[in-house]
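Have a look at the structure below before the remarks.
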Amino acid sequence: MFLSEINVYPIKSLGGISLKSSIVENRGLQFDRRWMLVDENNKFLTQREFPKMATVKVEILKNGLGVSTGRKNLEIPFETNAIETASVKVWSSRCRAKIYQKEINDWFSDVLQTSCKLVLMPEETRRKVSYFYAIRKDDAVSFADAYPILLIGEESLTDLNARLETPVPMNRFRPNLVVSGADAFAEDGWKQIKIGDAVFHVVKPCARCVITTIDQTRGEKQGVEPLKTLANYRIPKRSVKRKILFGQNLIAENVGEVLNVGDKIEVVETKNKPKFI
């Protein structure tokens, strides 16, 4: 088994970036979801409400981020000189974030046709991982929904696409890491893995939402697939809330390591796989 893809999504719910290598940090891969758009109430915005967010391309520049819609371009410094901060909301959690200046916020408001602000998670902010799944008391996460890193196996997607009339690409699931060479859904049975020199705890399967139905190129919802098909075989038998599971959330054991596409993947420890309907 080897690592076949590394992806980061610097601004939550905007376009992703495919990398050849990345540094593992406490809150996830470097640059991943350290920025986020919020509404006037400082609540996070995602493709769930604004599918068009998928079409805003992001690139990592020397001193900041570049964003583009094809018509409009903008450069965003890594750090904002603005002193204004706010308590921003991601699902049920809140954390402090720095708010960017008006001209940057106006750019995004015009693109999405809704009033919004760009915020940055500063180094001193610690948004904690749920204590039910944390490995250590200080485990933290970026503006990602709940966990630092998402992993999916290529063969798991192949299994799903064999059941669909129209196959879907991996970007519908927005993973950070993609594994090649494992059996379909082998990741369901992993408890701890090693990628290169980095060790990860596989802490929780990922529950999927409507974002998987959004074409990431056009920013448009494409009906009910792949959720409809996944619901036929990826809901655990003991699931009370009938969550559809696809992919696994990871927490790093050792930070500072560099991941590279092509790195060998070793399963250090396994666990019992859940039984599905």
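With +1 assigned to the C-beta of every Lys and Arg and -1 to the C-beta of every Asp and Glu, and no other charges, what is the dipole magnitude of region 31-125 about the Cα centre in debye, to the nearest 20? Walk me through the intermediate numbers first.
Values: 15 positive and 13 negative charges, 55 e Å.
The calculated dipole for region 31-125 is roughly 260 debye.
List the lysines whose Cα sits under 16 Å from the Cα of residue 194, skipping any in the same chain fewer than 8 residues away.
Here the lysines satisfying the reach criterion relative to residue 194 are 264, 271.
Pairs of Cα atoms under 8 Å, at least six residues apart: use those to get the relative contact order of region 11-152, whole percent.
On the way: 250 pairs, mean separation 35.8, N = 142.
So the answer I get is 25 percent.
Report the one residue of 60, 87, 105 whose Cα lies farthest in the direction of the positive end of the charge dipole of the chain (charges on C-beta: Lys and Arg +1, Asp and Glu -1; origin at the Cα centre).
Sorting the options by dipole projection puts first 87.
Put a dot 7 Å past each Cα toward the Cβ at residue 96 and residue 48; how far apart are the dots in nm?
Between residue 48 and residue 96, the label points sit 2.7 nm apart.
Number of Lys pairs in region 31-125 with C-alpha atoms less than 26 angstrom apart, excluding same-chain neighbours closer than eight positions?
Final tally of qualifying lysine pairs is 29.
Residue by residue, what Karplus-based ³J(HN,Hα) values in Hz, rounded to whole numbers, does region 173-189 have, using 6.51, -1.76 and 1.60 with θ = phi - 60° and x for Gly and Pro?
Here the 3J(HN,Hα) series is 9, 6, x, 7, 10, 10, 9, 10, x, 9, 5, 4, 6, 4, 4, 4, x Hz.
Once you place label points 7 Å from the Cα toward the Cβ at residue 273 and residue 59, how far apart are they in nm?
4.2 nm
According to a simple spin-label model (label point 7 Å from Cα along Cα-to-Cβ), what is the distance in nm between residue 239 and residue 68?
Roughly 3.9 nm, to one decimal.
Where does the charge balance sit around residue 75 when Lys and Arg score +1, Asp and Glu -1, over other residues with C-beta under 14 Å from its C-beta?
Net local charge, residue 75 excluded: 0.
With θ set to phi - 60° and the Karplus curve 6.51 cos²θ - 1.76 cosθ + 1.60, what are the ³J(HN,Hα) couplings of region 72-83 in order, to the nearest whole Hz, using x for Gly and Pro?
So the Karplus estimates, Gly and Pro as x, are 10, 10, 8, 10, 10, x, 4, 10, 9, 7, 5, 9 Hz.
List the trypsin sites (Lys or Arg not before Pro) in region 134-233 that DSSP assigns to loop (not H, G, I, E or B) and whose Cβ has at most 16 other Cβ atoms within 10 Å. Which are they?
Working: sites: 136, 137, 163, 172, 191, 194, 208, 218, 221, 228; in loops: 136, 137, 163, 208, 218.
Those that pass, being in a loop and sparsely packed, are 136, 137, 163, 218.
Once you keep just the Cα pairs under 8 angstrom separated by 6 or more residues, what percentage relative contact order results for the chain?
Working: 624 pairs, mean separation 65.6, N = 277.
Reported relative contact order: 24 percent.
Mind checking which lysines have their C-alpha under 17 Å from residue 243, skipping anything on the same chain fewer than 8 residues away?
Qualifying lysines at Cα under 17 Å: 204, 228, 273, 275.
At most 15 other Cβ atoms within 10 Å and a DSSP loop assignment: could you name the chymotrypsin sites (Phe, Trp or Tyr not before Pro) in region 1-86 that fit? Mind dumping the intermediate values first?
Numbers: sites: 2, 31, 35, 44, 78; in loops: 31, 78.
Within region 1-86, the qualifying chymotrypsin sites (Phe, Trp or Tyr not before Pro) (loop, at most 15 other Cβ atoms within 10 Å) are 78.
Counting residues in region 31-125 as N, plug N into 2.2 N^0.38 Å and put the Cα Rg over that result.
Working: Rg = 12.6 Å, N = 95, 2.2 N^0.38 = 12.4 Å.
Its radius of gyration relative to the 2.2 N^0.38 Å reference: 1.01.
Could you run the Debye sum over the Cα atoms of the chain, one equal point scatterer each and no solvent, and tell me log10 of I(q)/I(0) at q = 0.13 Å⁻¹, two decimals?
Those come out to -0.88, one per q.
No lab work stands behind these numbers, since they all come straight from the coordinates. Just so it is clear, the structure is predicted and the values come from calculations on it, not from any experiment. Here Cβ is always computed from backbone atoms with ideal geometry, including for glycine, and neighbour counts include all displayed protein chains.
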